[in-house]
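Shown next, in structure tokens, is the structure this report addresses.
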Number of protein chains: 2
Amino acid sequence: MHSLSSQVARPLCSPSSHSRYFRFLSLSLPIFHSSKSHPKIFTISPKAPLLTVRNCTSISAKPSSELRNKRSNSDSDEKLRALRELFSKPSVGIDAYIIPSQDAHQSEFIAECYMRRAYISGFTGSAGTAVVTKDKAALWTDGRYFLQAEKQLSSSWILMRAGSLGVPTTIEWLNDVLAPGGRVGIDPFLFSSDAAEELKQGIAKKNHELVFLYDKNLVDEVWNKSRPKPPNKPIRVHDLKYAGVDVASKLLSLRSELADSGSSAIVISMLDEIAWLLNLRGSDVPHSPVMYAYLIVETDKAKLFIDTSKVSAEVMDHLKNAGIELRPYDSILSEVEGLAAQGANVWLDISSVNAAVVKTFNSACERYYQSLESKPKRKTKMYDDSNGWSGGPTGIYRVSPISLAKAVKNDSELEGMRSCHLRDAAALVQFWVWMEEQIKKNVKLTEVEVADKLLEFRSAQPGFLDTSFDTISGSGANGAIIHYRAEPDSCSVVDDKKLFLLDSGGQYVDGTTDITRTVHFGEPASRQKECFTRVLQGHIALDQAVFPENTPGFVLDAFARSSLWKIGLDYRHGTGHGVGAALNVHEGPQGISFRFGNMTPLQKGMIVSNEPGYYEDHAFGIRIENLLVVKEVETPNRFGGVGYLGFEKLTFVPIQAKLIDLSLLSAAEFDWLNDYHSRVWEKVSPLVDGCAREWLWNNTRPLVKL
Amino acid sequence: MHSLSSQVARPLCSPSSHSRYFRFLSLSLPIFHSSKSHPKIFTISPKAPLLTVRNCTSISAKPSSELRNKRSNSDSDEKLRALRELFSKPSVGIDAYIIPSQDAHQSEFIAECYMRRAYISGFTGSAGTAVVTKDKAALWTDGRYFLQAEKQLSSSWILMRAGSLGVPTTIEWLNDVLAPGGRVGIDPFLFSSDAAEELKQGIAKKNHELVFLYDKNLVDEVWNKSRPKPPNKPIRVHDLKYAGVDVASKLLSLRSELADSGSSAIVISMLDEIAWLLNLRGSDVPHSPVMYAYLIVETDKAKLFIDTSKVSAEVMDHLKNAGIELRPYDSILSEVEGLAAQGANVWLDISSVNAAVVKTFNSACERYYQSLESKPKRKTKMYDDSNGWSGGPTGIYRVSPISLAKAVKNDSELEGMRSCHLRDAAALVQFWVWMEEQIKKNVKLTEVEVADKLLEFRSAQPGFLDTSFDTISGSGANGAIIHYRAEPDSCSVVDDKKLFLLDSGGQYVDGTTDITRTVHFGEPASRQKECFTRVLQGHIALDQAVFPENTPGFVLDAFARSSLWKIGLDYRHGTGHGVGAALNVHEGPQGISFRFGNMTPLQKGMIVSNEPGYYEDHAFGIRIENLLVVKEVETPNRFGGVGYLGFEKLTFVPIQAKLIDLSLLSAAEFDWLNDYHSRVWEKVSPLVDGCAREWLWNNTRPLVKL
């Protein structure tokens, strides 16, 4: 309910948020560097990814109806003054300080105490970077937030409209405003190692030095006593019947991968990877059932770095059984130093592990080798030509092995996903019935009220825990804003004159949902029907695709656009993102996008969203989203000796027939739609009764080709 | 009619030949390096590109009916002995010599005098690399040629089955068999600069040195008097009505690109680029209307390096008018040295320009700077921070600007292409009528006889010059061999029991054609019909695609495979290659392939083939190929402010209805087929009469959906 909670947008698979799914590319690059888009190749979406989306809200699933006041100049100036005062402290000594949106784990949703950029700048949008020098303060955000930032920033701040012509990147700006040889401070926990390295190299061009300030986040010092406490909600064990594989088995596989790579340890910092590996769930942040922690797995032991007040006796037992020791969250760096001192070969995913951890390890390695040199008589064979390192610590920089393991769901995870999707569908059916009744009764409902009501229906379902992201409830023109977030004070009314786009999802004890439907409560225009139908044709084409093993997702992306392309339409976001099982609603490594960088093949058991759309600026937005599981397809042939893959649907909610221009559909598309609706009835009707059941019956009847 | 002419295969857009179209990747990498395929991503085609295809035949368009005898051991041994004798000459001094298939211009089809690898090894296949050491001789070729190489190589040779398990690359083998510190000789004209560099680095691992032998090709010395003379067929001017743009205008554009890149000169070595830029055509090699030459274009002058005996008075005038001077072909290196001495900034496409030219330029640059250093009092400002080089020669390594300019056809070129395609279609119609008559009369025709007859019909068309590649005439199981080349002594009979695949093309004065049709003269099996229909559906899907500007070809590739994928089938070659206008039948930079490396966007005016296929080993092959021009499509919308593109068909020859399983076709596919056939009738019927016209009528009647 805190005021910070209501100004965040949902990162669906849009250009802006795709860097999230492709987190193996440097996350912060778009902020620090000029957009290196290839206009000849990528102008399908001229809007290059600008900012990594980092969302957060309060822990409650309820959208806040509180309003935020514009920060006063004096409040903002006082904070800046206090921050700048710290610049000249002997242990600091910097000329500029960068405050990103991130927490220490590259989380999509972060706890309030880590919202330092929002605190210092007053700008509460999900994406943005603040840079404060001794006499200037600038905030970068992207097109979604220009208006909001204008309102929220005091006159002490320069708003940098990232991606607009002539607007410098943070690096360019720092190189411009600082006298050469400046010292630029960062909290190294808040930058991935990759991102920090890029920043370092970028500012080195003007001989600026990047200074890691490990000991204290300067914004936290200013925030001081009013800063919220770090979250410490209790952790729970994720039941084996949902997890499918016990922790011991997961650790065994991981250790085998470590051995194969020549590693003796791995530092894991992504919160969903830790939750998945340990079959634990938390509630430290909204929408994602994770807890703040680091994990180090070694050949013979494993240590979880966590605030122990979150750990119940049951969880303690669970961890003990898996051979996992507890350590204080704050002791991660000293443990990493210890690994180097022991000569460990440590697997580090430098695209996700923060710069504090990586740099600490590397420095400790250097000290290790220096101490060897100072003992000249000791004869250590450090490098063996045939076997690689035979002694001494080393960092092995590779993509985290957990990412792929987590993405490929086992049968129990899939069972939970299937089951929660039906309960979620039941809630949605009840919701749509209620909506139609309100419209009929001419009740004026705002987008926020509608989203709140949907949450009510979801909350009544067994096993419901939270929304899986902030509901996108967009009526009319608001539907065309891909990251729209309705605000209680300014949002539109949902009525029978406009298209209504509803993108929402739930976290259940057994799974995670994400569904978009677009409906019209009155008479849709023929333009709306044509666009809706073409989006639907794209949705069907992807749903029906069969493809050989080892096909990266982007190969399928054009199937979802083809029907729109025929009339010169397109959409500026990817078509599909990975989804966790009772975990993050957005996960890698797979994706289905027009960006060709992600070569991860789709694999049996992976979950992807199928969400083509079309957005007509200032008019309406359309998106149709189901979740799909990659499955093996029994083809009569297996050319090339490989298996062929296709999709199983997880989402079973009617698609509004009124919006379909039947004359555009092929016979096969007709069949798809009728088959889908007959399965929706079959699967969801046992879970609803009364008018919901009647509504479901009416909305799943076969359509007849004219 | 030389015996060397009959053992070559046609490089259509198969994995093996794709390196040809992607020549900006190092051409020779697959030979020198272990295949670095990414099995997780690329196993759509598990067969990695092994060898660059270099085809050649005699100059006559007639397939040879002469048979080659297996080389005798003594003949082969004598050549090897003579070659090795040269190793120890004082000006040579090498331990091994590499003999590739290439000429000095990375040509697809090469003149006989440059077929050194075939001469020295006796193996006449189009793709292969010979490596001779003081006591060993080895030849690498790929799966298409294993049998042929076994037959043709004497026992002095080791056959290296490239791509087979455990078979080393040439680099691995050299590093294995040579004592460390060996000297490996090459003719630097026969390696692109890129390829030579990779080779150099590869063998450096065992401290071997790569030795450039500029003065004499060692195989030529052995070949000596029996070596054919370099071709010197007369050059002709390519009429402006076909070329569309005069040489002066083309040079103006090129010089403007040179200026933009900071270059003062460019060395062009690709023969089709020279022919295109100068509006000249030659006949030095089969199938490609080009002449051996180099071209250097400077800001204020241009020099063509060519055997002047090819240059008629008319051509001389043409060149003079465009301000182009003539130089002897062999003087290219001294001219390049001169450029360095003058301080020129020379644009070099190191993926195509040979190592002799690039190394000569670089060495001359070094000498230039050394001579400056020896004059210490001279104060030369060599580098200006704001403007780059302000003096002194430098090499600017970029992809040739001619490649893209040539690929985007102007209206006259397109007009010529449209026109010659109709005459080509008339020849094909006459041919098919004749074929069906022969089958009816039970005349036994071999695949070679059939191809010869097709050539007869084409030769009767106005403006016909040559086939554009060796006809692939494959009956039954031979159709499944993607690079099949029928041999008079061993080829199959074409009859009414088997599918017959015919892939052929013509060079006309106004354009170049490339068409594949697959037919059955009797009763096709239902399996064949299903496969044919799915290939056709892929062909239609690509033909009908509409896509935004700046889309690379590979985005469309999946459209052509989708229908096959649904039943677990696929094909192991790309779907489309670029085609020259009265030039090479294969050209870059665009392509439509499942390989994702080629990011060149399809552009209005580019020509691509649309040739999905399906090949059932030891049974039958299917391919349906039309040429397409990329055109702007008038879409009712232009989302993103970009244009939308689609295709115009160039090829108008009936598709055999008998092979189509009508029950599989959608209504839209039906419409496509009927529309296509109605346009075939409309466009081609005026060019044929008698039974050809009757056949065309019968074969273009609308099909009726059952």
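A simple spin-label model places the labels of residue A:85 and residue B:404 5.7 nm from each other, with each point 7 Å out along Cα-to-Cβ. Quick check on the range B:163-212: take the gyration tensor over C-alpha atoms, sort the square-rooted eigenvalues as a ≥ b ≥ c, and tell me if it's rounded (a/c under 1.5), prolate or oblate. Taking the square roots of the gyration eigenvalues as a ≥ b ≥ c, the range B:163-212 is oblate. A dipole drawn for chain A from +1 and -1 charges on Cβ atoms has a positive end, and of A:425, A:331, A:153 the residue lying farthest that way is A:153. Membrane-span-like helices in chain B, defined purely by DSSP H runs whose alpha carbon atoms cover 15 Å or more axially and whose average Kyte-Doolittle hydropathy reaches -1.0, are B:193-204, B:247-261, B:355-373, B:411-440, B:447-459, B:526-543, B:554-565, B:667-684. I'd like the antiparallel share, as a percent to the nearest 5, of DSSP beta bridges with both residues in chain B. If I count the DSSP bridges inside chain B, around 75 percent turn out antiparallel. Working note: Debye formula, equal point scatterers on the alpha-carbon atoms of chain A, no solvent; log10 I(q)/I(0) at q = 0.07, 0.09 Å⁻¹ is -0.48, -0.80.
The range A:642-678 and the range A:481-525 have Cα centres spaced 21 Å apart.
When the chain is fully extended, how far beyond the present Cα-Cα distance does residue A:679 get from residue A:691, taking 0.36 nm per residue of separation?
Working: separation 12, 0.36 × 12 = 4.32 nm, distance 1.91 nm.
Computed gain between residue A:679 and residue A:691 is 2.4 nm.
Across identical copies of the chain, residue A:248 has label-point separations of 8.8 nm, listed in ascending order, with the point defined 7 angstrom from Cα along Cα→Cβ.
Using a probe of 1.4 angstrom, how much of the accessible area of the protein assembly as shown is carbon and sulfur, in percent?
With neighbouring chains kept in place, the figure for the protein assembly as shown is 51 percent.
Taking the Cα centre of the protein assembly as shown as the origin, how large is its charge dipole in debye, to the nearest 20, when only Lys and Arg (+1) and Asp and Glu (-1) carry charge on their Cβ atoms? Dipole size: approximately 1480 debye.
Once you list every other residue whose beta carbon is under 10 Å from the beta carbon of residue B:474, what net charge do they have if Lys and Arg are +1 and Asp and Glu are -1? Its environment carries a net charge of +1. Farthest towards the positive end of the charge dipole of chain A, among the residues A:688, A:248, A:588, is the Cα of A:588, using unit charges on the Cβ of Lys, Arg, Asp and Glu.
Taking amide H as placed 1.01 Å from N in the peptide plane, the amide H of residue A:285 sits under 5 Å from that of A:290, each at least 5 places away or on another chain. Expressed as a whole percent, the proportion of Cα-Cα pairs in the protein assembly as shown lying more than 58 Å apart is 26%.
Return the subset of B:79/B:136; B:440/B:683; A:529/A:658; A:444/A:497; A:440/A:497 for which the Cα-Cα distance in this structure is over 18 Å, preserving the input order. Don't skip to the answer; put the middle values down first.
Working: B:79/B:136 13 Å; B:440/B:683 28 Å; A:529/A:658 8 Å; A:444/A:497 12 Å; A:440/A:497 12 Å.
Among B:79/B:136; B:440/B:683; A:529/A:658; A:444/A:497; A:440/A:497, the Cα-Cα distance tops 18 Å for B:440/B:683.
Can you give me the Cα centroid spacing of the range B:211-249 and the range A:536-596 in angstrom? Distance between centres, Cα-based: 49 Å. Estimated at 0.36 nm per residue, the fully extended path between residue A:221 and residue A:367 surpasses their Cα-Cα distance by 49.5 nm. Using only side-chain charges placed at the Cβ, +1 for Lys and Arg and -1 for Asp and Glu, the dipole size of chain A relative to its Cα centre rounds to 1040 debye. Please work out whether the range B:546-623 counts as rounded, prolate or oblate from its C-alpha gyration tensor, where a ≥ b ≥ c are the square roots of the eigenvalues and a/c under 1.5 means rounded, while otherwise a/b larger than b/c means prolate and anything else oblate? It is oblate, given that a/c is not under 1.5 and a/b is not larger than b/c.
If a/c stays under 1.5 just call it rounded; otherwise compare a/b with b/c (prolate if a/b is bigger, oblate if not). Do that for the range B:77-226, with a ≥ b ≥ c from the square roots of the Cα gyration tensor eigenvalues. Verdict is rounded for the range B:77-226. Taking each of B:200/B:301; A:89/A:225; B:406/B:453; B:241/B:631; A:303/A:406 in turn, the alpha-carbon distance tops 24 angstrom for B:200/B:301; B:406/B:453.
In debye, nearest 20, what is the charge dipole magnitude of the range A:86-158 about its Cα centre with +1 on Lys and Arg Cβ and -1 on Asp and Glu Cβ, if you could check? Kindly include the intermediate steps, with their values, before the conclusion.
Details: 7 positive and 7 negative charges, 40 e Å.
In debye, rounded to 20, the range A:86-158 gives about 200.
The range A:129-198 and the range B:149-172 have Cα centres spaced 60 Å apart.
For the range A:77-226, what proportion of DSSP beta bridges, expressed in % and rounded to the nearest 5, is antiparallel?
45
When the accessible areas of B alone and A alone are added and the area of the pair subtracted, with a 1.4 Å probe, the result is around 3500 Å², both sides summed.
Taking the label point 7 Å along Cα→Cβ, residue A:410 and its counterparts in the other copies are spaced 6.8 nm apart, in ascending order.
May I ask what percent, to the nearest 5, of DSSP beta bridges between residues of the protein assembly as shown are antiparallel? Spell out each step's value before the answer.
Values: 120 of 162 bridges.
Taking every DSSP beta bridge with both residues in the protein assembly as shown, the antiparallel ones total about 75 percent.
Counting from the shortest, the label point at residue A:701, 7 Å from Cα toward Cβ, is 4.4 nm from the same position in each remaining copy.
Of the residues B:132, B:357, B:238, the one whose Cα sits farthest towards the positive end of the charge dipole of chain B is B:132 (charges of +1 on Lys and Arg Cβ, -1 on Asp and Glu Cβ, taken about the Cα centre).
The values are calculated or read from the model by the stated rules, or taken from the named source; none is laboratory data. Quick caveat, the model's predicted, so the values are computed rather than measured. Positions of Cβ are generated from backbone atoms using ideal geometry, with glycine treated the same way; all protein chains shown enter the neighbour counts. Surface accessibility is based on the protein's heavy atoms, side chains included, excluding ligands, DNA and RNA. Shrake-Rupley method; radii C 1.70, N 1.55, O 1.52, S 1.80 Å.
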